[in-house]
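Each remark here refers to the structure printed beneath this line.
The values are calculated or read from the model by the stated rules, or taken from the named source; none is laboratory data. In this text, all values refer to a predicted model and were calculated from it rather than measured experimentally. Cβ: placed from backbone, ideal geometry, glycine included. Neighbour counts: every protein chain shown.
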Amino acid sequence: MKKPVLLSTLGAWLLACAVPLANANTADTVGKKIYETTCAACHVNGVASAPKPGDAKAWAPLIAEGQAILTAHAWVGVRAMPAQGGAPDLTLDDFAQAVAWMASASGGNWKAPDAAMMHRIRHEAAERLEQDIKAKKAMKKMLERD
């Protein structure tokens, strides 16, 4: 009589462990696929100083910025990187998966972004866009004076 209880408990435990692993593998697969189809065009060869996945030294200061900040700033466009990674059809959610995959492949301990992380990324991206708009308006005023 104890065997069925033990087996059902063991089965439930295995299932509970397998679901997070399956989700992690799916996230890794999605992020890597997006990297390969979109990001690799620049990141694989370091075009315009794009950090290569696996280059822990190049990624360390970027990873230190934090997942929400780095992802949001890259989405908006930063340094030589164009907004949305130069792929206008790419969603922010997919973009965030790819950034998480690259950072994790380069020494970061980043997970695929959940709803709370995506909220933080969207908020940071909106703030960054607002700053960019203010900077552009200030530049336009300065040019109009000349």
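Looking at (1) at pLDDT 95 or above; (2) farther than 20 Å from Val78 by Cβ, find the lone condition where Glu144 falls short.
With (1) at pLDDT 95 or above; (2) farther than 20 Å from Val78 by Cβ applied to Glu144, the lone miss is (1).
Listed residues Ala112, Ala105; which is aliphatic (A, V, I, L, M) and over 20 Å from Cys42 (Cβ atoms)?
Ala112
Could you check how many residues of the stretch 108-146 are exposed (fewer than 12 other Cβ atoms within 10 Å of the Cβ) and among the basic types (Lys, Arg)?
6
So, Ala83, is that one in contact (Cβ under 8 Å) with a residue 24 or more places away in the chain, closer than 23 Å to Cys42 by Cα and small (Gly, Ala, Ser) or not?
No: the conditions fail for Ala83.
Residue check: is Ala105 under 22 Å from Thr29 (Cβ atoms), out of contact with any helix residue (DSSP H, G or I) (no Cβ under 7 Å at 6 or more places or on another chain) and surrounded by 17 or more Cβ atoms within 10 Å (Cβ to Cβ)?
On the way: under 22 Å from Thr29 (Cβ atoms): yes; out of contact with any helix residue (DSSP H, G or I) (no Cβ under 7 Å at 6 or more places or on another chain): yes; surrounded by 17 or more Cβ atoms within 10 Å (Cβ to Cβ): yes.
Yes, satisfied.
So, of the residues in the stretch 114-137 that are among the small types (Gly, Ala, Ser) and touching a helix residue (DSSP H, G or I) at 6+ places or on another chain (Cβ under 9 Å), which turns out to be farthest from His73 (Cα to Cα)?
Per the criteria, the residue is Ala126.
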